[in-house]
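> Sharing a structure with you now.
Just so you know, all these numbers are worked out from the coordinates, no wet-lab data involved. Quantities reported herein were computed from a predicted structural model and do not represent experimental measurements. Backbone-built Cβ (ideal geometry, glycine too); neighbour counts: all protein chains shown.
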Amino acid sequence: MCYSAQIRANYVSFTRMFGASMDIREFAKVFFHREQSKLRVPKALEAEFEHPQTPEEAEIKAAIDNFKADRELALQQELFAQRHRLVDAERKLQAKTTKGALESQRIATDKISKAQQDLSDLKRRELLDRDHRIFPGWYAPVMVVQDGKKVVMPMRYLCRPAGSHPSFDVKFSGCYNARRDNLEKFWRNQFGSFHGILVLNAFYENVKLHDMEHRALAPGEEPQNRILKFEPNTHQDMLVACVWSRWKGANGDELLSFAVITDDPPEEIAAAGHDRCPVPIKRENVDAWLNPDLSNLQQLQDILEDRERPYYDHRVLEKMAA
C-alpha cells in the first residue's frame, strides 16, 4: 500500500507538460471549506496561490491567509494552556512526586513542543520535502479530462465511489490504493471511465523489520515497523495512474476523490520487504489513459503493463513526518 506520497503540486508543471488548465472553482471549494470540513491540504499546494494572478486566485489566497491566522491563534492558545499546565505540574512535583503530576508534565512538554513546531511550519515560507507529502484523506492535484480538455482538480486521497454511503470511508479505509488485479471487479465503475494522473517524485511504505531482513519473527519478538522512502534513480517525476470519482450526497454535498493504482513490485522493492508499487505510465500513453474506452479494457491494461520501470532507490526514515 502506498500510504504516503510526495506530490508535484506545481500547477505550472502540469501546464507545461500537458497544456492542462486549473479548475479554479474546485480549488476554491477546498480552501473556502477547509476549516469547516477539516480538510487536509499540504503546504506545497497552498504555496501555489502565494502570488495570485487572477481575482479568483486572490480570493483563494485570502482564504488561505484567514485559515493561517485562525490556526496561529489556536496554536498560541494551546501554548498558553500547556505552559500553564506544565507550571502547575512542576509546582506539584516540588511538593511531592506523583504519577499524575509526572504524566501531566510529560504531556504538557510534548504538546508545547508540537505546538511550537506547528507554529514554525505555519510561518515558514521555504518549502521542505515534507510539505509535499500527502497521506490518506489529504488533498492533491489530479489531472483528468473533462469535456475533452485536460484539467487539474484537487481530490482527496481516499476514493469514495459515487453512490456509496459516507461510511464507505471507514469500512474501506484502504481505498486510497486500487489494486490492478481488482480494477475490473471492485473498481469496475471507475476503471474504463474515470481516469486520472497524479505526479509523484517519491512514495513511502510501512515495512516490517523482519520482512526487510527476510526472516521469520523470533519467539516472543514483536513486529517492528520501518518507514521506507522510495525514489526512482532517474530522479524524474512519475506519472502515476489513478481512478477517481465524483460523489454526491443527498444534501447536495460533493466530494472529488481518487485512488492510486498499484501492482506487484519490482525486485528491488520486494527485496526491501514490500509487496506493492504505484504504476507510473509512459508519457506517450497519457492521452489514451485519460480518455479511456470502456469497450476496450485490454488496451488500458496494456498501458498499465507497458509502464515506466525505473530502479527504485530507498532509504529508511527515522520517523514519520505527518
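> Working from the alpha-carbon coordinates of the stretch 1-101, get Rg over Rh, Rh being the Kirkwood radius. If you can, show how the numbers build up before the last one.
Details: Rg = 21.0 Å, Rh = 17.1 Å.
Result: Rg/Rh = 1.23.
> Quick check for me: using +1 on Lys/Arg Cβ and -1 on Asp/Glu Cβ, what's the dipole size of the chain about its Cα centre, in debye to the nearest 20? If you can, show how the numbers build up before the last one.
On the way: 47 positive and 49 negative charges, 241 e Å.
Approximately 1160 debye in magnitude.
> Can you tell me the order of 276-282, 176-182 when each peptide is scored by its average per-residue count of other Cβ atoms within 10 angstrom, highest first?
Peptide ranking by packing, descending: 276-282, 176-182.
> Which one, L209, N225, N296, is farthest towards the positive end of the dipole of the stretch 192-322 when Lys and Arg carry +1 and Asp and Glu -1 on their Cβ?
N225
> I've got another one for you. Compute the acute angle (0 to 90°) between the alpha-carbon long axis of helix 55-95 and the principal axis of greatest extent of the alpha-carbon atoms of the chain; round to the nearest 10°.
For 55-95 against the chain, the angle is about 30 degrees.
> Taking Rh as the Kirkwood radius computed over C-alpha pairs, what is the Stokes-Einstein D of the stretch 56-150 at 37 °C in a medium of viscosity 0.692 mPa s, expressed in µm² per second? Provide the component values of the computation, followed by the final result.
Values: Rh = 16.9 Å.
The estimated diffusion coefficient comes to 194 µm²/s.
> Taking a quarter of the surface of the Cα convex hull of the stretch 142-223, what do you get in nm²?
8.6
> Averaging over every viewing direction, what projected area does the convex hull of the Cα atoms of the chain cover, in nm²? Present the calculation step by step, with values, prior to reporting the outcome.
Numbers: hull surface 82.2 nm².
About 20.6 nm², averaged over all directions.
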